Amino acid sequence: MNVIVTGGTKGIGRAIAEAFFQIGANLAICSRNQADLEALKKDFDQRREDQSVFIMQCDMSSKSDIISFAKEVLNQFSDIDVLINNAGVFIPGAICDEEEGALDLMINTNLYSAYHLSRAIVPNMKTRRTGHIFNICSIASKIAYPNGGSYSISKFALLGLNNVLREELKPHGVKVTAVLPGATWSNSWAGVELPRDRLMEAADIADSIICAYQMKPSAVVEEIIIRPQLGDL
Ligand SMILES: NC(=O)c1ccc[n+]([C@@H]2O[C@H](COP(=O)([O-])OP(=O)(O)OC[C@H]3O[C@@H](n4cnc5c(N)ncnc54)[C@H](OP(=O)(O)O)[C@@H]3O)[C@@H](O)[C@H]2O)c1
């Protein structure tokens, strides 16, 4: 089984990579920081010799980087079973007050990343009539909230992309699942003074994805909505 995780070095992406590694997957992982990628590869390689981990530095807000990444991954693993569109950036703000360029940055990183990479990888899945794409959206894909700003716009759009892909790929045997987490511990929450158990653990998001992935070909989980037990922050 060959699995792509964008932004797989930290947070939710890292937990998803770990969960697929645990069930025997080969991994293709990108992020912008080469040192983080090498440390991640070293960690996985030390644990299993029979699973391969391909890493590549890639800025998912850049179309040319995404196309190069897809090409390299398809060279490494001729078939792709799972694509996790996870890389994303969260800059809080309000539409009328946030810095110029905030929308461009978050649309590029949170939406176009998934659009370009899916277009590059889907033909491989369609030909084989199998595959599963998970788009890491957010509760902010459904609910507008103060300080959500352009992040929320980009995540509403990502859910739109997800839903269109789901309809398009239904007849081709390819599954598409939107994952909508609420507040989950990661770098995005660094410095926030809250008890640890007020937020979710990234491993729980990853486990829900593995459950959805392991269903029979006749069933697809279309949406995973997962929130802190005490509700949104
Ligand atoms: N944490 C939450 O509460 C929460 C809730 C709902 C949804 N989400 C979504 O879950 C996803 C992961 O979030 P997270 O909280 O786990 O974030 P995180 O801890 O900041 O990790 C983000 C990962 O993506 C990579 N990344 C960021 N920008 C990138 C770019 N332009 N190109 C390539 N890689 C990039 C980062 O590595 P580099 O920085 O080295 O590139 C890192 O590996 C995001 O789409 C986020 O919107 C998070």
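The values are calculated or read from the model by the stated rules, or taken from the named source; none is laboratory data. As the structure is a prediction and not an experimental result, all values here were calculated from the model. Every residue, glycine among them, receives a Cβ derived from its backbone with ideal geometry; neighbour counts consider all protein chains shown.
Some points to look at:
- Considering only residues in segment 150-162 that are of a type in the set (S, T, N, Q) and within 13 Å of Y115 (Cβ to Cβ), the one that is surrounded by the most Cβ atoms within 10 Å (Cβ to Cβ) turns out to be S154.
- Odd one out for K41, checked against (1) in a helix (DSSP H, G or I); (2) within 19 Å of A114 (Cβ to Cβ); (3) away from the ligand (no atom under 11 Å from the Cβ); (4) of a type outside the set (G, A, S): (2)
- Looking only at segment 144-176, and only at residues there that are over 14 Å from I91 (Cα atoms) and part of a loop (DSSP other than H, G, I, E, B), the one that is farthest from the ligand (Cβ to nearest atom): G173
- Unique match (being within 14 Å of the ligand (Cβ to nearest atom) and at pLDDT 95 or above) among S141, S118: S141
- Applying the condition of being within 30 Å of E100 (Cβ to Cβ) and without any contact (Cβ under 8 Å) to a residue 12 or more places away in the chain to segment 150-176 and asking which residue is farthest from the chain's Cα centre (by Cα) yields V164.
- Counting the residues of segment 49-85 that are more than 10 Å from the ligand (Cβ to nearest atom), of a type outside the set (K, R), over 19 Å from G131 (Cα atoms) and in a helix (DSSP H, G or I) gives 3.
- Subset of segment 200-224 that is in contact with a Gly (Cβ under 8 Å, 6 or more places away or on another chain) and surrounded by 13 or more Cβ atoms within 10 Å (Cβ to Cβ) - its residue that is farthest from L165 (Cα to Cα): M200
- A Cβ distance below 8 Å, combined with a sequence gap of six or more or placement on separate chains, defines the contacts here; from segment 97-115, residues that are on the phi > 0 side of the Ramachandran plot reach no residue that is of a type outside the set (A, V, I, L, M, F, W, C).
- Considering N108, N124, the condition of being over 24 Å from S186 (Cα atoms) and surrounded by fewer than 23 Cβ atoms within 10 Å (Cβ to Cβ) is satisfied by N124 alone.
- Hits in segment 163-198 - residues which are among the hydrophobic types (A, V, I, L, M, F, W, C) and either surrounded by fewer than 20 Cβ atoms within 10 Å (Cβ to Cβ) or closer than 18 Å to F134 by Cβ (or both): V164, L165, L169, V174, V176, A178, V179, L180, W189, A190, V192, L194
- Residues satisfying the stated conditions in segment 1-38, i.e. crowded, with 16+ Cβ neighbours inside 10 Å, more than 12 Å from the ligand (Cβ to nearest atom) and part of a loop (DSSP other than H, G, I, E, B): A25
- Criterion applied to V179, V192 was being without any contact (Cβ under 8 Å) to a residue 12 or more places away in the chain, within 12 Å of the ligand (Cβ to nearest atom), outside any helix (DSSP H, G or I) and not polar (S, T, N, Q), and the one residue passing it is V192.
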